[in-house]
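Please read the structure below before turning to the comments.
The values are calculated or read from the model by the stated rules, or taken from the named source; none is laboratory data. Worth saying up front: this structure is predicted, and the values here are computed from it rather than measured. Neighbour counts run over all protein chains shown; Cβ positions are idealised from the backbone, glycine included. The area values use the complete protein model at the heavy-atom level, side chains included, leaving out ligands, DNA and RNA. Shrake-Rupley method; radii C 1.70, N 1.55, O 1.52, S 1.80 Å.
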Amino acid sequence: MRIVLMGPPGAGKGTQAVKVAESLQVPHISTGEIFRANLAAGTPLGLEAKRYMEAGEYVPDEVTNSMVAARLAEDDAANGFILDGYPRTLAQVDELDRILAGLGMQLDSVVEITADTEEVVARLLNRAKEQGRADDTEEVIRRRMDVYAEQTAPLVAVYTEKGLLRKVDGMGTMDEVTQRLLAALGH
Ligand code: ADP
């Protein structure tokens, strides 16, 4: 199963991606997590990504694309994956198709977790208190929501046209949402 998980910041994408990946026994590939790990390790990639992430902006496509290409070429992704946080721009959609074609693969499904804006802002502010992520201040959260609406929401139409999109309601308990996701994926 080769799956893309989409949804606005705070919709629970990361948490759900981990659970679905466990159920389907495929790796969970989160671009946000890879960036944060690089940042923590002080790599050149991390330093490059830092200023964008802290402002709630997207890291430039060239940087993100080559990172994803390298990750998808690793052995553990050969039998499937859950991509969390990629693609996020129209250019990344095309790039993902190219990367997968080069590996002789194609996507099976794109799942959009839908969520209410005010509810997700509240969730993110709460997470900020608990985890202290640098991009979880109210100003940066609002910016991330706007960037999502401008740059990532249009991908829903593209994947609908390709016949790959499934929508899952992200409101409810964590387990309810996981069950809905697995059902949407035929499990
Ligand atoms: P969230 O979905 O909660 O905003 P993520 O952990 O997925 O958080 O991403 C955190 C940050 O990492 C993003 O705000 C962005 O700066 C960067 N990032 C992650 N994925 C991408 C991507 N596909 N393209 C560009 N930037 C990305």
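May I ask you to say which residue of ALA40, ALA91 is in a helix (DSSP H, G or I), over 14 Å from the mean Cα position of the chain (by Cα), surrounded by fewer than 17 Cβ atoms within 10 Å (Cβ to Cβ) and free of Cβ contacts under 8 Å to residues at least 12 places away in the same chain?
Result: ALA40 is the single residue among ALA40, ALA91 that is in a helix (DSSP H, G or I), over 14 Å from the mean Cα position of the chain (by Cα), surrounded by fewer than 17 Cβ atoms within 10 Å (Cβ to Cβ) and free of Cβ contacts under 8 Å to residues at least 12 places away in the same chain.
Applying the selection to the stretch 23-37, what residues are near the ligand (Cβ under 10 Å from one of its atoms) and open to solvent by 30 Å² or more (accessible area, probe 1.4 Å)?
Selection gives GLU33, ILE34, ARG36.
Looking at (1) in contact with a Gly (Cβ under 8 Å, 6 or more places away or on another chain); (2) over 21 Å from THR152 (Cα atoms), which one does ALA41 not meet, given that it meets all the others?
(1)
With respect to LEU24, determine if the residue is closer than 27 Å to VAL177 by Cα and at pLDDT below 95.
No.
Which of the residues spanning the stretch 43-56 are open to solvent by 70 Å² or more (accessible area, probe 1.4 Å) and within 18 Å of the chain's Cα centre (by Cα)?
LYS50, GLU54
Restricting to the stretch 129-169, name every residue that is of a type outside the set (D, E, K, R), closer than 17 Å to ARG88 by Cβ, modelled with pLDDT under 95 and not in a helix (DSSP H, G or I).
The one that is of a type outside the set (D, E, K, R), closer than 17 Å to ARG88 by Cβ, modelled with pLDDT under 95 and not in a helix (DSSP H, G or I): ALA153.
Would you be able to tell me the number of residues in the stretch 99-117 that are open to solvent by 30 Å² or more (accessible area, probe 1.4 Å) and either closer than 20 Å to GLU57 by Cα or hydroxyl-bearing (Ser, Thr, Tyr) (or both)?
2
Just give me the residues in the stretch 167-176 being open to solvent by 50 Å² or more (accessible area, probe 1.4 Å) and within 15 Å of the chain's Cα centre (by Cα), in sequence order.
Within the stretch 167-176, LYS167 is the sole residue that qualifies.
So which residues in the stretch 1-17 are modelled with pLDDT of 95 or more and either over 19 Å from LEU165 (Cβ atoms) or open to solvent by less than 20 Å² (accessible area, probe 1.4 Å) (or both)?
ILE3, VAL4, LEU5, MET6, GLN16, ALA17 - these are the residues of the stretch 1-17 that are modelled with pLDDT of 95 or more and either over 19 Å from LEU165 (Cβ atoms) or open to solvent by less than 20 Å² (accessible area, probe 1.4 Å) (or both).
Among (1) touching a residue at least 24 places away in the same chain (Cβ under 8 Å); (2) crowded, with 20+ Cβ neighbours inside 10 Å; (3) under 23 Å from LEU90 (Cβ atoms), where does VAL20 come up short?
With (1) touching a residue at least 24 places away in the same chain (Cβ under 8 Å); (2) crowded, with 20+ Cβ neighbours inside 10 Å; (3) under 23 Å from LEU90 (Cβ atoms) applied to VAL20, the lone miss is (3).
Just checking, which of GLU33, GLU57 is assigned to a helix (DSSP H, G or I) and not hydroxyl-bearing (Ser, Thr, Tyr)?
GLU33
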